[in-house]
Each structure stands twice: as structure tokens, then as C-alpha cells.
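The values are calculated or read from the model by the stated rules, or taken from the named source; none is laboratory data. Keep in mind that what you see is a predicted model, and the values were worked out from it rather than measured. So basically every Cβ, Gly included, is an ideal-geometry build from the backbone, and we count neighbours across all protein chains shown.
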Amino acid sequence: MSIEDRLIRNIDNERRHSSTELSPLMKRAYTEAQALLENPDYTIQESEFASLYGDTAVQQDIALTNRLKEQFKARNSPEEERQKKVADIFEAIVLVQSESNEWLGGAQTLKTSPYEDFINKVDMIAEWSTPTDGSRVLALAVDVTFGTMSIRRKLADIKSEIDGDKLGSIKYFRDERKDFMGTRNNVPRAVVGVSESVVEELADLWVQKKNKELSTHPVQHLFIREIETQLSAMHDYAVARGQHGVVQAYTQALASIRPIHNSKLKYKSPALLQDRVASEIASAIETEFRH
């Protein structure tokens, strides 16, 4: 069965989970994801910044993050806990495939520190570097849920940043070569997501190490399309609002994303474009950034 056939089978036919347990496949993928997300080669560690911010300040941030983690676990239902595990699998796959198969073009992609995840709601950072333009950074938030307000909340937060003419910052940021470590300001954000059935499709290929199928998987077009659509809408909204302090950040981000989108058109899948989470993101963008 081809990738396209499997996507057609899955889109708009989400399985109803009779329990909050992951499937055996997803349990295996989650184990691999956890190992990868704890690897400093893929994930920024707050402890790396002790010499910059001071050990006491860093330990305070770590303690705050740990408290928020415990509150998160206590507040969430078993179903929400399962969705978080699915999101972790999704993040790990995107991180690996962005490096090995350039799903995000030539970007260096890193998982953010736990502090950034819980405080600034940023799951990953993508950085494009060129000799002429320097470094361009995009913050990515991940969503794998449908029928909740999570996507709209994330986009509403971004809208509030634009209204204030100041985008978010990443406190624990380092570039690919570790030439710069510190706070990165005025960073554009976008939400990327797919439904759980697509994450399972990717996880199946990932644990079986089917790199060829992953290298040509149409989800890479969907991600870039989601990002470009959001950045365009946010840019136009900022222009319409006269928030010139953030317009340049979006202009630069689009300059990195648009050539990548054109290069990914060959992977476009009409079936995948109907994914429920992707459709929810598109709908939320239109609502939030109408002007």
C-alpha cells in the first residue's frame, strides 16, 4: 500500500480510542522519542547556560519548570497525557527528519529547553543560516489534537504579540555552531500539526527505519505550507495594524520559507491537505488574522 493510499484510508477516519493506552507501535515509538528528546545533540539544556545567566538563576528556572510539569500532570486527564506522548513522538520524528531528510529545507532544528516549552510555549526552533543574510530563526509549536481550543489559543497568543508590536523571545537559545548563546528576541512563531493517524503513519515508518519513504513523505510539504500560510497571514495582519516593529521579522522569515515551499511542491498530497488538524489550523488562521 502506497503512502497516498494509507493517507486516504486515515484522513477523516480517525480511530476512536477505547482506552488511553498507546498502541504497541506507538509505545515503541515513544520510547525512542524519549531517548532522542533527552539527547543534548537534539535538545537544548538549561544547564548549558549557567556561565551566562548564573547557576542560581538557571536552577530557579529549572525548579519552576519542574513545578509546572507536576501541575500539568496533575491537571491533565489520561487522554491528555496520551496526546502529550503522541506530540512527543511527532516532535522527535520532525527533529530527526529535518536533519536527515531536510523536511524544513536546510534548517538546523532543535528541541527547546523544558523552560521554553512550559513558559514560552515553544516546542522547537528552526534556524536557517546563510553567509549573506546571517541567521534567521523560527519558533515552532506543535499540535496533534482536534476539536480543542489549543490551536486557537496558540494563535491568539501570537496575535497578542503582534498587537503589542513585539514578538516573543527564546531565553535559552544557541545556534548550530554554538557561536551564540543567550536570549534571541523578536522571534516569529508558527504552529505545525497533523492528526494522530498521520503521526502513527510516520511512527510506523520511523521505527522500521524506512528512510526512503520518510525522505519523500508528503507531510514535509504540509508542514511548510502550514508555516508559510501562517507567516503570510501574520505579516499582512501586522502591516494592516501598522506594527512595523514586527513586520521585518515576518518578511525575513518568509524569505526563508517561500523557496522551501516551492521545492516541496513535488511532495504535495491532496489527501493530506484534508487532514483534520491541518484543516483546523487553516481555519483558525483565517479567523484570528482577519483584517
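Tabulated results
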quantity	calculated
Subset of the range 32-72 (residues that are of a type outside the set (Gly, Ala, Ser) and either in contact with a His (Cβ under 8 Å, 6 or more places away or on another chain) or outside any helix (DSSP H, G or I) (or both))	Glu38, Asn39, Pro40, Asp41, Tyr42, Thr43, Ile44, Gln45
Filtered residues of the range 182-231 (kept if of a type in the set (Gly, Ala, Ser) and assigned to a strand (DSSP E or B))	Gly182, Ala190, Gly193
Boolean, Tyr42 is in contact with a Gly (Cβ under 9 Å, 6 or more places away or on another chain), buried (at least 16 other Cβ atoms within 10 Å of the Cβ) and at pLDDT 90 or above	no
In the range 259-291, the residues that are part of a helix (DSSP H, G or I), loosely packed, with under 14 Cβ neighbours inside 10 Å and charged (D, E, K, R)	Lys266, Glu286
Scope the range 121-162; condition assigned to a loop (DSSP other than H, G, I, E, B), surrounded by 14 or more Cβ atoms within 10 Å (Cβ to Cβ) and either at pLDDT 90 or above or β-branched (Val, Ile, Thr) (or both); matching residues	Val122, Asp123, Val144, Thr145
Condition check for Leu155: within 20 Å of Val219 (Cβ to Cβ), touching a residue at least 12 places away in the same chain (Cβ under 8 Å) and touching an Asp or Glu at 6+ places or on another chain (Cβ under 8 Å)	no
